[in-house]
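Undergrad: One structure, pasted below without further comment.
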Amino acid sequence: MLIDLSDRVAIVTGAARNIGAAVARQLAGCGAKVVIADIDSVNGKSVAESIINQGGNAYFYKVDLNEEEQIRDMVATTLKVYNGLDILINNAHYEVIGSVLDITADDWDRSFAVLLRAMFLTSKYAIPHMIESGGGSIVNFSSLYGKNPISNYVTYTTAKAAVIQLSRQMAIDYGRYNIRVNTLIPGGISANPIDNDEAAKIFPLRRRGQSKEIAYVVCFLVSDYATLINGAEIVVDGGEGLPHMAEVHKRIKELIKDGELDIERL
Ligand SMILES: NC(=O)c1ccc[n+]([C@@H]2O[C@H](COP(=O)([O-])OP(=O)(O)OC[C@H]3O[C@@H](n4cnc5c(N)ncnc54)[C@H](O)[C@@H]3O)[C@@H](O)[C@H]2O)c1
């Protein structure tokens with residue numbers, strides 16, 4: 001199956017590093033013209049340059065996703081530079097760690113601004129052009145923690161749960177315009193492919209995923225091979241989110257018994 005996105009224009013938010021950078025590279029590898037949208041100019045420019053050096057088409061756009069005007073201008077510039085907008089990947093990440101008692105209202109607002117409000121705003125400015133051009137595809141990044149919370153991570157887990165509903169809502173609202181909106185749910189991704197930490201020994205595949213394994217799925221989701229996938233939650237986690245607590249306990253005991261687990265590094 002060869003995915004051809006050569007007539008498509010994509011914006012990837014948070015594309016200066018890790019998953020976003022891998023998604024941008026993969027989309028460009030499939031022929032798309034890609035806007036690397038990030039607040040980090042140094043790494044963002046370097047991702048765009050490396051795509052161009054490999055024969056792809058990319059453009060870095062510095063944007064602070066907290067700012068509505070900057071998001072509006074990012075979409076306007078994309079239309080000016082590439083004359084279209086077909087794909088929107090809402091991937092950017094900003095987190096504040098803590099429980100309800102730990103964080104301030106400002107922490108809550110700053111976290112939600114990037115994790116959720118920015119998705120609403122990028123969509124608000126991108127969708128009219130997608131409607132005009134006959135369709136589009138939006139992928140919003142959630143997390144396993146948006147389904148099953150972990151302790152002291154209230155803004156992240158709550159925002160990521162809301163992302164799922166935002167995608168479902170937009171899938172219903174804009175499906176009639178041939179705009180598909182899906183949620184991508186990654187498991188724990190390693191920035192370094194050989195960085196197989198202790199926790200990953202418990203995972204069904206006995207390893208974390210790599211950014212490119214997320215990027216492959218994103219390319220499929222925005223392609224013409226996925227035209228019936230709309231409002232879906234696509235879990236790409238190697239089965240990490242699957243085991244019952246009892247299985248996790250069992251596996252930890254097994255690893256300890258075999259002397260294969262360094263508790264200090266868990
Ligand atoms: N890495 C994982 O293990 C994992 C697991 C589950 C879900 N996810 C989700 O996948 C997505 C990518 O994760 P990642 O680990 O690659 O993220 P990351 O933190 O490595 O990168 C996030 C990017 O967002 C950019 N960004 C942050 N604030 C911004 C702002 N105000 N304006 C513009 N850009 C801004 C950063 O500069 C950075 O380049 C996120 O939505 C994350 O929640 C990641």
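Undergrad: Taking Val139 as meeting all but one of (1) aliphatic (A, V, I, L, M); (2) in contact with a helix residue (DSSP H, G or I) (Cβ under 7 Å, 6 or more places away or on another chain); (3) over 19 Å from Ile164 (Cα atoms), write down the number of the exception.
TA: (3)
Undergrad: Further question: Of all residues in region 125-158 being within 18 Å of the chain's Cα centre (by Cα) and within 17 Å of Ile11 (Cβ to Cβ), which is nearest to the ligand (Cβ to nearest atom)?
TA: Phe141
Undergrad: Which residues, counting only those in region 1-23, are within 16 Å of the ligand (Cβ to nearest atom) and either of a type in the set (A, V, I, L, M, F, W, C) or buried (at least 24 other Cβ atoms within 10 Å of the Cβ) (or both)?
TA: Quick first cut of region 1-23, residues within 16 Å of the ligand (Cβ to nearest atom) only: 10-23.
Correct list: Ala10, Ile11, Val12, Thr13, Gly14, Ala15, Ala16, Ile19, Gly20, Ala21, Ala22, Val23.
Undergrad: Output the residue which, of all residues in region 85-116 that are free of Cβ contacts under 8 Å to residues at least 40 places away in the same chain and within 14 Å of the ligand (Cβ to nearest atom), is nearest to Gly14 (Cα to Cα). Please lay out each step first, then the result.
TA: Within region 85-116, the subset free of Cβ contacts under 8 Å to residues at least 40 places away in the same chain is 94, 101, 104-106, 109.
Right, trim to within 14 Å of the ligand (Cβ to nearest atom) and you get 94, 109.
On the way: Tyr94: 10, Asp109: 18 Å.
The qualifying residue nearest to Gly14 (Cα to Cα) is Tyr94.
Any read-out appearing in this document is the output of simple, stated calculations on the displayed coordinates, not a laboratory observation. In this text the structure is predicted, and so the values were computed from the model without any measurement. Every residue, glycine as well, gets a Cβ built from its backbone with ideal geometry; the counts of neighbours run over all protein chains shown.
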